[in-house]
1. Pull out a ≥ b ≥ c, the square roots of the eigenvalues of the alpha-carbon gyration tensor of the chain, then state rounded if a/c is under 1.5, prolate if not and a/b is larger than b/c, and oblate in the remaining case.
2. Roughly how many whole Å is it from the C-alpha centroid of region 432-495 to that of region 172-220?
3. For the peptides 308-318, 370-380, what is the packing order when you average, over each peptide's residues, the other Cβ atoms within 10 Å and list the highest mean first?
4. If the cut-off is a Cα-Cα distance under 13 Å, which aspartates and glutamates reach Lys217, setting aside same-chain residues fewer than 8 apart in sequence?
5. Net charge around Arg58, counting only other residues with Cβ within less than 13 Å of its Cβ (Lys, Arg = +1; Asp, Glu = -1)?
6. Using the structure shown, list the pairs from Lys170/Lys377; Lys389/Lys448; Lys259/Lys377; Lys364/Lys448; Lys259/Lys491 with a Cα-Cα distance above 30 Å, or answer none.
7. Which net charge results when you count Lys and Arg as +1 and Asp and Glu as -1 among the other residues whose beta-carbon is under 12 Å from that of Gly305?
8. Which number comes out as Rg/Rh for region 3-113 once both Rg and the Kirkwood Rh are worked out on C-alpha atoms?
Amino acid sequence: MNRIEEIKKRKDGLDVLADIYRYSRLGQKTISPDDEPLFRWYGIYTQRPAEDGFFMVRIRIPGGDLTPVQLRAIAALADEHGRGLADVTVRQNIQLHWVRIESIADILDRLREVGLSTTEACGDCVRNIINCPVSGVDENELYDTGAILRQVNDFFVNNRDYSNLPRKFKIAITGCAVRCVYPEINDVGIFAVREEGRTLFRARVGGGLSTTPRFSKDLGVLVEPEEIVDLCGAVASVFRDEGDRGNRRRARLKFLVEKWEVPRFLAEVEARLGRRLRRARALDAQPVVERDRSHMGIHRQREAGLYYAGVSMLGGRTSGEQLRRLAALAEEHGSGRARTTNTQNVVLLDIGEQNLAALRSGLKAAGFDCDPSWSRKAIIACTGIQFCKLAIAETKNRAAVLNDRLEKAIDMDDQVRISVTGCPNSCGQHHICDVGLEGSVTTIDGIKRETFQVFLGGGVGAHESFGRRIGVRVPSEELAELLARLFARYKEGRIGLETFQEFCLRHSDGELARYMTSLCLAAD
Ligand code: HEM
Ligand code: SF4
């Protein structure tokens, strides 16, 4: 049994809350090394370098749903306890940094006052459940999954039957027509489909990235909205009881699904449900071919006269001040409702048509962009070396520089995705981006330099494939120039309406490496 399993056996992660409050009163030096790993059950994680005693705090935001009061509360906490910084994450959470243990009690209390929490935002439990950020308002959506998401969230959070899983467990639920929540890479991805003349839901299980990426597998069943809570519970209970608790590197659900394969896994789920699920005619759903799943920019809502505005945050990096301004703009020009997105951005909802011009200029004045360029829409970035103990490279600032240079250098009509990720763990989902940049260090002329290994051709939808490591490492400063060359080569050489992903799939690693020029270094 590994160390974390031993710790969890002695104490459930949910039982560490009283201790966290005690440590917050008594200070850093009093923290027991056996309790610290359990802090994650309350979204608290040590920040790099561990010796400095700072923490990151991940605020759980189911479906990304935020009110102006909540936005202002997060902004105030970021300012008072986190040096003004706030990061929107790829699971619609907001993460604070630079937090001292002494601040934690105040943070948890004030979040609770506004209906937010950090409970089970990290740890071996059911992480934040993600939903389409325009659920309930999107003209094209198949089903409004807002209420289902809240039910599933309420079922799992603080539920001791599911608070000690072998590893983290990620659920995405969506009625979005473009499946923007990426059911393909979640442990459970539930998505609406039009099949047999009705809107029903399909479920994929066992997806996940990290160093051994796997796409989830379709269970080949069709479920009613009312069945979703039970289905998620049944899948999580199979994982809890059958997942590998011996080796954390093999503990995720994806390994169990791979070992058992779908028929056996489904039979076990049905045994727990006590009923047989309805089979779909085809094992797999029709893929979504739309390349842009971001919901960025201004779009008409279902209700006449109302619009939503997808606002780019570029790598999710924002500040207390910016969140406050966003809250004010959301209230002034819309209903106040805002949602974080899984592309590290924010959407403001219910903007009256007559307010659009004022909102646009208000956003611009506050430093936001609601008509983002292709490159702003493309880029996401993981936490990286600034705060992450496992990082090899800087990410958020690299992403900002990359964007500035790329949007000037070239215009792309195909909506690619680019991820700047600080190590192979893939928190920035680089395996499923057209261009995945994975941080590394390379000795060049005797000097150690930060470089990025290039992965190309990743994506979901029409071509579900993980990016191929093409065998080059690019020094950070040269990323924009070399990527611009590759994109230019794509624009010249594409066949018909070929997407950038298809272009990468059609060319060999060597060809793609050559297109980026000889400035690159051969990878090990
Ligand atoms: C064994 C180590 C780790 C693995 C395998 C891992 C893997 C991942 C993966 C695959 C995601 C993608 C999320 C998704 O879309 O489902 C993710 C999210 C994330 N990871 Fe990690 N990670 C690790 C450690 C860390 C560390 C040390 C940090 C510290 C900075 C970190 C920060 C994040 C953040 C901020 C997210 C965004 C998602 C959220 O809000 O839950 N990860 N991680
Ligand atoms: S991908 Fe690596 S560097 Fe980036 S946040 Fe995850 S663990 Fe840290």
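Please treat every number below as a calculation from the coordinates, not as lab data. Nothing here was measured: the structure is a model prediction, and the numbers come from that model. Neighbour counts are summed over all protein chains in view; Cβ atoms, including those assigned to glycine, are modelled from backbone coordinates with ideal geometry.
1. Because its axes are fairly even, with a/c under 1.5, the chain counts as rounded.
2. Value for the Cα centre distance between the two parts: 27 Å.
3. Details: 308-318: 25.0, 370-380: 22.9.
Result, highest mean Cβ count within 10 Å first: 308-318, 370-380.
4. Glu184, Asp187, Glu258, Glu261, Asp284, Glu464
5. Working: positive: Arg40, Arg60, Arg91, Arg127, Lys168; negative: Asp87, Glu120.
Taking every Cβ under 13 Å from that of Arg58, the sum is +3.
6. Working: Lys170/Lys377 24 Å; Lys389/Lys448 19 Å; Lys259/Lys377 37 Å; Lys364/Lys448 40 Å; Lys259/Lys491 42 Å.
Table pairs above 30 Å Cα-Cα are Lys259/Lys377; Lys364/Lys448; Lys259/Lys491.
7. Details: positive: Arg300, Arg302; negative: Glu303, Asp350, Glu353.
Summing Lys/Arg as +1 and Asp/Glu as -1 gives -1.
8. Working: Rg = 14.0 Å, Rh = 14.5 Å.
Rg/Rh for region 3-113 comes to 0.96.
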